[in-house]
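First comes the structure, then the notes that go with it.
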Amino acid sequence: MRKNIVAGNWKMNTTLEEGVELASSINDALKGKKHNCDVVICVPATHLVSVNAVIEPETVGLGAENCSEHEKGAYTGEISASMVASTGATYCILGHSERRQYFGENNEQLLKKTKLALANGLTPIFCVGEMLEQRENGTFNDVVRSQIEALFSLPIEDFSKIIVAYEPVWAIGTGKTATADQAQDMHANIRMAIREKYGDVADDTSILYGGSCKPTNARELFAKPDVDGGLIGGAALNADSFMGIIEAFD
Ligand code: PGA
């Protein structure tokens, strides 16, 4: 059966020193405490090695926020999936809406990134989500379906390793959360699309919600049958609020 997961997405926040301190506070807060979900932190690439040194892999999983669609070579400034894996990280966020929007990442590139992440033993946290205009003009289900379908050329054994994150763009960093019912409806649609293509894999695929998820709304969101946890931005930058979301799984 699928796992419940709470994953932090730190984005372009924290200096190295601040990041190491935050990661170690999260690790300390979780250690020895029973919690009913896996916990992952996805941190800036510059922080991966140092953060890995202060967390225990059985307590907190470590991920990057992106990787290159190229294997290696003359791509100045890029970070490959094998480089990410060599730090000890085991997850990688891919296709975050900020990457799609500000860096023009498209479905074709995201498929390449996903394949390289998987080939290097990383678990992709693959993000999908509609813009406000698409929510308002009623195309949101089709938009999100086509984003997830971008991965449907993967063989079943590869697709079954993927974590999906539904993040409506209008809810990210805006304080405007999708209602638990809106999240549930979309998660059920995503799971249905996966079921049509990959059958029972759909039951084992964790689908996380992201977009202004906080300790105050996490419980209601996570109570929905198809919401298997969260991808957390702002509230993951503080150990207490991140713990508050983790504790929503009790
Ligand atoms: P937010 O970001 O929690 O700050 O809305 C979520 C995300 O972008 O992953």
Taking alpha-carbon centroids only, the stretch 182-213 lies from the stretch 87-132 a number of Å equal to 17
Once you've got the GNM for the chain with C-alpha springs shorter than 10 Å, pick whichever of 59, 205, 179 has the biggest mean-square fluctuation. 179
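Probe radius 1.4 Å, ligands and nucleic acids ignored: give me the carbon and sulfur share of the accessible area of the stretch 107-171 as a rounded percent. Don't skip to the end; give the middle numbers.
On the way: 1310 of 2640 Å².
Using a 1.4 Å probe with all protein chains present, the stretch 107-171 comes out at 50 percent carbon and sulfur.
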Accessible area (Å², 1.4 Å probe, nearest 10) - residue 2: 50
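For the stretch 90-216, what's the relative contact order in percent, using C-alpha pairs closer than 8 Å and at least 6 residues apart? Display every interim value, and only then the final one.
Values: 176 pairs, mean separation 32.1, N = 127.
It rounds to 25 percent for the stretch 90-216.
Given Cα pairs under 8 Å that are at least 6 residues apart, what percent is the relative contact order of the stretch 5-125? Don't skip to the answer; put the middle values down first.
Working: 186 pairs, mean separation 28.2, N = 121.
The value is 23 percent.
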Can you tell me which of 116, 48, 154 moves the most in a GNM of the chain? Springs connect C-alpha atoms under 10 Å apart. 154
Under a 1.4 Å probe, what is the accessible area of the stretch 122-250 per residue, stated in Å²? 39
Between residue 105 and residues 5 or more places away or on another chain, the pairs with built amide H atoms under 5 Å apart involve 100
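Please list the equivalent ellipsoid semi-axes of the stretch 125-222, computed as the square roots of five times the alpha-carbon gyration tensor eigenvalues, in descending order and whole angstrom.
Values: eigenvalues 105, 46, 23 Å².
Working from the Cα gyration tensor, I get semi-axes of 23, 15, 11 Å.
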Only Lys, Arg, Asp and Glu count, each charged at its Cβ (+1, +1, -1, -1), so figure out the dipole size of the chain about its Cα centre, rounded to 20 debye. 100
Taking amide H positions as placed in the peptide plane 1.01 Å from N, state which residues far from residue 38 in sequence (5 or more) or on other chains have amide H under 5 Å from it. 4, 5, 6
Around residue 165, which amide H atoms from residues at least 5 apart in sequence, or from another chain, sit under 5 Å from its own amide H, with H modelled in the peptide plane? 126, 127, 128, 208
List the relative contact order of the chain as a percent without decimals, with contacts defined as Cα pairs under 8 Å and 6+ residues apart. 22
Which FRET efficiency value, to the nearest 0.05, do you get for residue 72 and residue 161 by plugging their Cβ-Cβ distance into 1/(1 + (r/R0)^6) with R0 = 35 Å? 0.95
Rounded accessible area of residue 76 (nearest 10 Å², 1.4 Å probe): 140
More than 23 angstrom apart: percent of Cα pairs within the chain: 46
Let me check something: with ligands and nucleic acids excluded, how do 196, 105 order by accessible area (1.4 Å probe), largest to smallest? 196, 105
Rounded to the angstrom and largest first, Cα extents along the principal axes for the stretch 13-53 equal 30, 17, 15
Of the residues 184, 101, 147, which exhibits the maximal mean-square fluctuation in a Gaussian network model of the chain defined by a 10 Å Cα contact cut-off? 101
Which semi-axes, in whole Å and largest first, does the equivalent ellipsoid of the stretch 113-169 have when worked out from the alpha carbon gyration tensor as the square roots of 5 times its eigenvalues? 25, 11, 7
The correct pair for the stretch 12-153, radius of gyration to one decimal and Dmax as a whole number, both in Å and from Cα atoms, is 16.5, 48
Could you name the lysines whose alpha carbon sits less than 25 Å from that of residue 214, not counting residues in the same chain fewer than 8 places away? 3, 11, 31, 33, 34, 176, 224
If you build the Cα gyration tensor of the stretch 202-250 and take the root of 5 times each eigenvalue, what three semi-axes come out, in whole angstrom, biggest first? 19, 11, 9
Using unit Cβ charges (K, R positive; D, E negative) and no other charged atoms, how large, in debye to the nearest 20, is the dipole of the stretch 164-250 about its Cα centre? 280
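The values are calculated or read from the model by the stated rules, or taken from the named source; none is laboratory data. In this text, all values refer to a predicted model and were calculated from it rather than measured experimentally. Cβ coordinates were reconstructed from backbone atoms using ideal geometry, including for glycine residues, and neighbour counts include every protein chain displayed. The area values use the complete protein model at the heavy-atom level, side chains included, leaving out ligands, DNA and RNA. Shrake-Rupley method; radii C 1.70, N 1.55, O 1.52, S 1.80 Å.
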